[in-house]
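Participant: Below you will find the structure I want to go over with you.
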Amino acid sequence: MTPTSTVEHTVPEGLDRAGEILTDDALQFVAELHRRFAPRRAELLGLREEHRRRAASTGSLDFLPETREIRESEWTVAPAPPALQDRRVEMTGPASPAKMAINALNSGAKVWLADLEDASSPTWHNQVDGVLNLRDAARGTLGFTSPEGKQYALRQDAPLAVVVTRPRGWHLPEHNVTVDGQTASAALVDFGLHFFHTAGLLLANGHGPYYYLPKLESHLEARLWNDVFTFAEEHLGIEHGTVRATVLIETIPAAFQMEEILYELREHASGLNAGRWDYLFSIIKYFRDAGERFVLADRSTITMTAPLMRAYTELLVQTCHRRGAFAMGGMAAVIPNRRDPEATEAAFAKVRADKTREAEDGFDGSWVAHPDLVPTCREVFDGVLGEKPNQVDRLREDVQVSAEQLLDVPSAGRVSTQQELAANLYVAIRYTAVWLSGNGAVAIHNLMEDAATAEISRSQIWQQIRNGVVYEDTGNTATRELVAQELQRQREVLRDEVGQESYDEHFAPAADLIADLALEEEYVDFLTLPAYDLLEGR
């Protein structure tokens with residue numbers, strides 16, 4: 001590691017310009033963030049399992065009695081800056097490599113979620129390169145030439161997407177940076193490097209340092225982010241409230257604290273997003289040992305029209321608009337296949353139906369994972385919004401959601417099949433293998449998969465074994481032995497698909513990891529924690 005005072009960092013391999021980001025001043029800023037906020041981060045992470053155990057033992061969650069006054073009083077978040085008034089189409093994707101960043105910025109979307117989290121494999125190269133690309137984009141100098149000589153440049157004929165950057169979650173470490181001998185928080189490293197290098201540039205462009213915050217489980221975790229933002233603004237001499245954050249409501253405890261999360265961030269808040277896939281993963285994880293009532297049906301059968309999901313999304317819209325914040329719809333995971341017209345037509349139809357439901361429910365915009373889907377999403381929201389930039393004025397006073405509705409897991413269906421078991425194993429292994437090779441966004445069977453879907457897949461298997469689920473298509477019971485047999489079959493399928501060399505390098509370690517996570521007695525909270533150790537060679 002390279003020391004900078006009491007900060008040590010490694011230099012990413014193969015990234016010649018890393019020194020432009022890993023400067024002494026930037027690393028000292030990261031170190032100051034760590035010293036001030038890492039102890040509270042550790043304390044809040046420690047509370048997560050305590051709260052989960054309590055919920056699982058009772059089979060319930062509820063809105064917090066101690067914050068009732070916040071929910072019942074009148075207040076709003078700070079008005080959105082001009083650059084974030086219209087978010088009807090948001091393109092999502094990793095900030096590295098540069099080619100993908102340029103394509104996202106040029107996509108015609110209003111916003112680009114520049115992902116340093118779930119759509120990115122957190123190699124140190126990817127994380128630093130992602131910040132470098134975002135810094136170059138803010139300067140207007142981002143470009144790329146492929147090995148074949150094809151040039152990619154930022155468009156001049158139309159506005160670029162407004163950048164909203166997603167750092168990693170509170171739970172993740174960054175092994176390549178230590179402060180006073182302690183491993184740094186990945187969230188603080190990502191935020192610190194990005195904010196230090198881009199905040200001033202973005203403000204000069206009429207934009208600002210805007211963020212998506214993932215994986216929060218409580219309003220106290222939102223309060224911590226708010227304190228980080230306040231300190232960062234003071235440190236760089238930027239006006240208070242310049243940072244704007246959109247929080248992903250992608251955990252079940254956060255769904256019960258939407259009002260409080262916005263309240264804690266109210267001077268920095270921009271909105272909430274319905275992170276649907278991680279939300280399903282969180283339901284499984286939170287209630288994994290709470291009995292068969294919480295066994296989630298096959299992922300492929302769960303739609304956003306299920307009462308469980310309708311309660312979640314309608315409450316999100318109502319909460320946001322009551323508080324003057326934007327409600328952002330979830331990811332359209334289906335992607336077009338330019339070599340398969342039928343698959344492409346089906347993808348467009350699914351995206352149109354999904355976005356139509358969201359727009360009619362009151363969402364102010366939504367996500368797509370492929371540039372070809374931007375026009376479809378824009379057309380749907382144009383049809384509802386017209387010339388208006390958003391529909392925050394639509395208060396959805398008709399919505400009334402109870403704790404029981406948010407926890408009505410059986411309303412999503414009860415079908416569990418061995419065919420889906422095979423699909424879960426295939427997706428979890430294939431995604432993890434590609435993740436270990438350094439790529440975090442993977443197209444599998446015309447779906448854009450990221451870490452969330454792999455998490456659902458392996459967690460669902462663990463839950464099925466725990467509850468002795470009987471598969472409807474075969475009559476077999478989910479046991480460790482049955483899953484191990486199916487996993488071996490999927491190993492062979494993948495070996496045939498990718499060849500022995502590739503299988504040995506990435507797929508075999510991925511399969512071993514998924515086997516451990518699905519078959520072990522103890523549940524591991526995040527696949528990405530042991531996978532990150534593998535990635536770092538630990």
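The values are calculated or read from the model by the stated rules, or taken from the named source; none is laboratory data. This is a predicted model, so every value here is computed, not measured. Here the Cβ positions follow ideal geometry from the backbone for every residue, glycine too, while neighbour counts run over all protein chains shown. All accessible areas refer to the heavy atoms of the entire protein, side chains included, with ligands and DNA or RNA removed. Shrake-Rupley method; radii C 1.70, N 1.55, O 1.52, S 1.80 Å.
Participant: Only one of LYS355, LYS350 is touching a strand residue (DSSP E or B) at 6+ places or on another chain (Cβ under 9 Å), open to solvent by 20 Å² or more (accessible area, probe 1.4 Å) and part of a helix (DSSP H, G or I). Can you tell me which? Give the derivation first.
Facilitator: Working: LYS355 fails: open to solvent by 20 Å² or more (accessible area, probe 1.4 Å).
Going through LYS355, LYS350 in turn, the sole match is LYS350.
Participant: Only one residue in ASP382, ASP393 is out of contact with any Pro (no Cβ under 7 Å at 6 or more places or on another chain), assigned to a loop (DSSP other than H, G, I, E, B) and open to solvent by 40 Å² or more (accessible area, probe 1.4 Å), so which one is that?
Facilitator: On the way: ASP382 fails: assigned to a loop (DSSP other than H, G, I, E, B).
Result of the check over ASP382, ASP393: ASP393.
Participant: May I pose another question? Are any of the residues in segment 77-95 open to solvent by 30 Å² or more (accessible area, probe 1.4 Å), in a loop (DSSP other than H, G, I, E, B) and more than 25 Å from ARG322 (Cβ to Cβ)?
Facilitator: Checked segment 77-95: no residue is open to solvent by 30 Å² or more (accessible area, probe 1.4 Å), in a loop (DSSP other than H, G, I, E, B) and more than 25 Å from ARG322 (Cβ to Cβ).
Participant: Then there's this: Pick out the one residue from PRO167, PRO173 that is of a type outside the set (A, V, I, L, M), closer than 28 Å to LEU44 by Cβ and either crowded, with 23+ Cβ neighbours inside 10 Å or in contact with a Leu (Cβ under 7 Å, 6 or more places away or on another chain) (or both). Give the steps one after another, and end with the answer.
Facilitator: Numbers: PRO173 fails: either crowded, with 23+ Cβ neighbours inside 10 Å or in contact with a Leu (Cβ under 7 Å, 6 or more places away or on another chain) (or both).
Sole residue among the options that is of a type outside the set (A, V, I, L, M), closer than 28 Å to LEU44 by Cβ and either crowded, with 23+ Cβ neighbours inside 10 Å or in contact with a Leu (Cβ under 7 Å, 6 or more places away or on another chain) (or both): PRO167.
Participant: Just give me the residues in segment 18-62 being assigned to a loop (DSSP other than H, G, I, E, B) and surrounded by fewer than 13 Cβ atoms within 10 Å (Cβ to Cβ), in sequence order. If you could, list the steps in order and put the result at the bottom.
Facilitator: So in segment 18-62, the residues assigned to a loop (DSSP other than H, G, I, E, B) come out as 21-23, 59-62.
Residue satisfying the conditions is GLY59 alone.
Participant: Right, another one. From (1) of a type outside the set (Lys, Arg); (2) touching a residue at least 24 places away in the same chain (Cβ under 8 Å); (3) surrounded by fewer than 17 Cβ atoms within 10 Å (Cβ to Cβ); (4) in a helix (DSSP H, G or I), pick out the condition that doesn't hold for TYR523.
Facilitator: Status for TYR523: all satisfied but (4).
Participant: Then there is this: Filter segment 398-414 down to the residues that are assigned to a loop (DSSP other than H, G, I, E, B), at pLDDT 95 or above and open to solvent by 50 Å² or more (accessible area, probe 1.4 Å) and list them by number.
Facilitator: Residues satisfying the conditions are ASP398, GLN400, ASP408.
Participant: Anything in segment 427-448 that is open to solvent by 20 Å² or more (accessible area, probe 1.4 Å), touching a helix residue (DSSP H, G or I) at 6+ places or on another chain (Cβ under 6 Å) and either hydroxyl-bearing (Ser, Thr, Tyr) or under 24 Å from ASN476 (Cβ atoms) (or both)? List them, or say none.
Facilitator: SER437
Participant: Looking at (1) outside any strand (DSSP E or B); (2) open to solvent by 20 Å² or more (accessible area, probe 1.4 Å), which is the only condition VAL317 fails?
Facilitator: (2)
Participant: Write out, first by first residue and then by second, each pair whose Cβ atoms fall under 6 Å of each other, whose residues are 6+ apart or on separate chains, and whose first residue, in segment 105-123, is within 20 Å of LEU202 (Cβ to Cβ) while the second is open to solvent by 10 Å² or more (accessible area, probe 1.4 Å) and among the hydroxyl-bearing types (Ser, Thr, Tyr).
Facilitator: Taking only residues 6 or more apart or on different chains, the pairs are LEU113/THR92.
Participant: Going through segment 503-516 one residue at a time, which ones are in contact (Cβ under 8 Å) with a residue 40 or more places away in the chain and over 17 Å from ALA422 (Cβ atoms)?
Facilitator: To start, the set of residues in segment 503-516 that are in contact (Cβ under 8 Å) with a residue 40 or more places away in the chain comprises 505-507, 509-511, 513-514.
Within segment 503-516, GLU505, HIS506, PRO509, LEU513 qualify.
Participant: If you don't mind, another one. Can you confirm whether segment 235-258 contains a residue that is under 23 Å from PRO12 (Cβ atoms), surrounded by 24 or more Cβ atoms within 10 Å (Cβ to Cβ) and of a type in the set (S, T, N, Q)?
Facilitator: Here is the first cut: in segment 235-258, the residues under 23 Å from PRO12 (Cβ atoms) are none.
Among the residues of segment 235-258, not one is under 23 Å from PRO12 (Cβ atoms), surrounded by 24 or more Cβ atoms within 10 Å (Cβ to Cβ) and of a type in the set (S, T, N, Q), which makes the answer no.
Participant: Right, something else. Of all residues in segment 266-307 being within 21 Å of the chain's Cα centre (by Cα) and small (Gly, Ala, Ser), which is farthest from VAL243 (Cα to Cα)?
Facilitator: If we take residues in segment 266-307 being within 21 Å of the chain's Cα centre (by Cα) and small (Gly, Ala, Ser), then SER300 is farthest from VAL243 (Cα to Cα).
Participant: Go through segment 189-234 residue by residue and tally those that are open to solvent by less than 10 Å² (accessible area, probe 1.4 Å) and either more than 26 Å from GLU8 (Cβ to Cβ) or not aliphatic (A, V, I, L, M) (or both). Can you show your working first?
Facilitator: Looking only at segment 189-234, we keep the residues that are open to solvent by less than 10 Å² (accessible area, probe 1.4 Å), and these are 189-195, 198-199, 208-214, 216, 221-222, 224-225, 228-229, 232-233.
From the residues that got through so far, the ones that are either more than 26 Å from GLU8 (Cβ to Cβ) or not aliphatic (A, V, I, L, M) (or both) too are 190-192, 194-195, 198, 208-214, 216, 221-222, 225, 229, 233.
Of the residues in segment 189-234, 19 are open to solvent by less than 10 Å² (accessible area, probe 1.4 Å) and either more than 26 Å from GLU8 (Cβ to Cβ) or not aliphatic (A, V, I, L, M) (or both).
Participant: Sticking with this structure for a sec: Checking LYS99 against (1) under 28 Å from VAL442 (Cβ atoms); (2) open to solvent by 10 Å² or more (accessible area, probe 1.4 Å); (3) part of a helix (DSSP H, G or I); (4) in contact (Cβ under 8 Å) with a residue 60 or more places away in the chain: exactly one of these is not met. Which one?
Facilitator: Among (1) under 28 Å from VAL442 (Cβ atoms); (2) open to solvent by 10 Å² or more (accessible area, probe 1.4 Å); (3) part of a helix (DSSP H, G or I); (4) in contact (Cβ under 8 Å) with a residue 60 or more places away in the chain, LYS99 violates only (4).
Participant: Any chance segment 92-109 includes a residue that's more than 20 Å from the chain's Cα centre (by Cα) and more than 30 Å from GLU449 (Cβ to Cβ)?
Facilitator: no
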